[in-house]
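Worksheet: one structure, shown below.
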Amino acid sequence: MAELATLARPYANAVFDMARQSGDLDRWSRTLGFLAAAAAHPQMQSYLEAPGLPEEAKATRLSDVCGDEIQPSAVKFLQVLAHNKRLSLLAEIREQFESLRAQEQQTLDVEVTSAFELSAAESDKLKAALHTRFKREVSMTSKVDASLLGGAVIRAGDTVIDGSVRGKLRKLAESIQRT
C-alpha cells in the first residue's frame, strides 16, 4: 500500500499543479474520478492487466471508453502513465489528488457514522465544532449503523473519533482484561 502511494505521488502532484495553474481543479477531480471508476470496472480491469497488450493500447482503450467525459490533456496524462507502466495507479493518484485539493481549498471531508439519524440541528452543531477544531470548511456526510448502540464515530481525514457506546464498551473490556 505504501509503495503504491509512493509511486503515485509524483503523478498526483504533477496533475494537481497543472490543474491548479489552469484553474481546473474541479474538472480534473471529476476526470480522475471518472478514469479511476472506469479502470476499476471488472472488464476494463482485466483488459488493463492483460500481459500481452502494449501499455499505449491499454491507455487508448481506456480513453476511448471514457469518450467525451475526459479532456485532451487527460488523454495525454493516460499516455504518460502507460509509457511508464503506471495505469494501475489511477485510483491512488485520484485519492492523493483529492487530498491535495482539499488541502488547497481548506476543506475537510468528514464521515459521521451514528447509531441513529442525526437531526439537522445536531448535524449543524457537529459541523461547527469540527470547523472550530480543524480550522477548515467541513463537508459532512452521515450514515446510520445501529450496531454502534449509541453515539457516533467521526472520520475526518486521518483522525478517527470514536464516541460510540460500542467503542466505549470495547475499551472497558480491554481495560478489564488487562487487570
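Against the definition (exposed (fewer than 13 other Cβ atoms within 10 Å of the Cβ) and of a type outside the set (Gly, Ala, Ser)), how does Glu95 come out, yes or no? Break it down into steps so the answer makes sense when it comes.
Values: exposed (fewer than 13 other Cβ atoms within 10 Å of the Cβ): no; of a type outside the set (Gly, Ala, Ser): yes.
No.
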- Note on the structure: Selection over the range 51-66 where residues are free of Cβ contacts under 8 Å to residues at least 12 places away in the same chain and under 23 Å from the mean Cα position of the chain (by Cα) yields a count of 0
- Note on the structure: Every listed condition ((1) open to solvent by 40 Å² or more (accessible area, probe 1.4 Å); (2) assigned to a loop (DSSP other than H, G, I, E, B); (3) in contact with a helix residue (DSSP H, G or I) (Cβ under 7 Å, 6 or more places away or on another chain)) holds for Gln79 save (2)
- Query: Give me the pairs: first residue in the range 144-164 and farther than 19 Å from Thr107 by Cα, second residue of a type in the set (Asp, Glu) and surrounded by 13 or more Cβ atoms within 10 Å (Cβ to Cβ), beta-carbon distance under 6 Å, and six or more apart or on different chains, which are they?
  - Reply: Val153/Asp162
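Here is a yes/no grid of residues against (1) in contact with a Gly (Cβ under 7 Å, 6 or more places away or on another chain); (2) among the aliphatic types (A, V, I, L, M); (3) under 17 Å from Leu7 (Cβ atoms):
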| residue | (1), (2), (3) |
| --- | --- |
| Ala36 | no, yes, yes |
| Pro42 | no, no, no |
| Leu62 | no, yes, no |
| Asp68 | no, no, no |
| Ala91 | no, yes, yes |
- For residues that are within 20 Å of the chain's Cα centre (by Cα) and either small (Gly, Ala, Ser) or open to solvent by less than 60 Å² (accessible area, probe 1.4 Å) (or both), tally how many sit in the range 98-123. 10
- Taking the stated definitions as given, is Leu126 modelled with pLDDT of 90 or more, surrounded by 13 or more Cβ atoms within 10 Å (Cβ to Cβ) and part of a helix (DSSP H, G or I)? yes
- Does the range 9-25 contain any residue that is surrounded by 15 or more Cβ atoms within 10 Å (Cβ to Cβ), among the hydroxyl-bearing types (Ser, Thr, Tyr) and not in a strand (DSSP E or B)? yes
- Item | Condition check for Arg155: open to solvent by 70 Å² or more (accessible area, probe 1.4 Å) and more than 20 Å from the chain's Cα centre (by Cα) | no
- Could you tell me whether Val138 is touching a residue at least 40 places away in the same chain (Cβ under 8 Å), open to solvent by less than 40 Å² (accessible area, probe 1.4 Å) and either out of contact with any His (no Cβ under 6 Å at 6 or more places or on another chain) or under 30 Å from Ala37 (Cα atoms) (or both)? no
- Item | Number of the condition not met by Lys143 [criteria: (1) open to solvent by 80 Å² or more (accessible area, probe 1.4 Å); (2) closer than 18 Å to Ser29 by Cβ] | (2)
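The values are calculated or read from the model by the stated rules, or taken from the named source; none is laboratory data. All values reported here derive from a predicted model rather than from experimental measurement. All Cβ positions, glycine included, derive from the backbone under ideal geometry; neighbour counts span all protein chains shown. We work out accessible area using only protein heavy atoms, side chains counted, and drop any ligands, DNA or RNA first. Shrake-Rupley method; radii C 1.70, N 1.55, O 1.52, S 1.80 Å.
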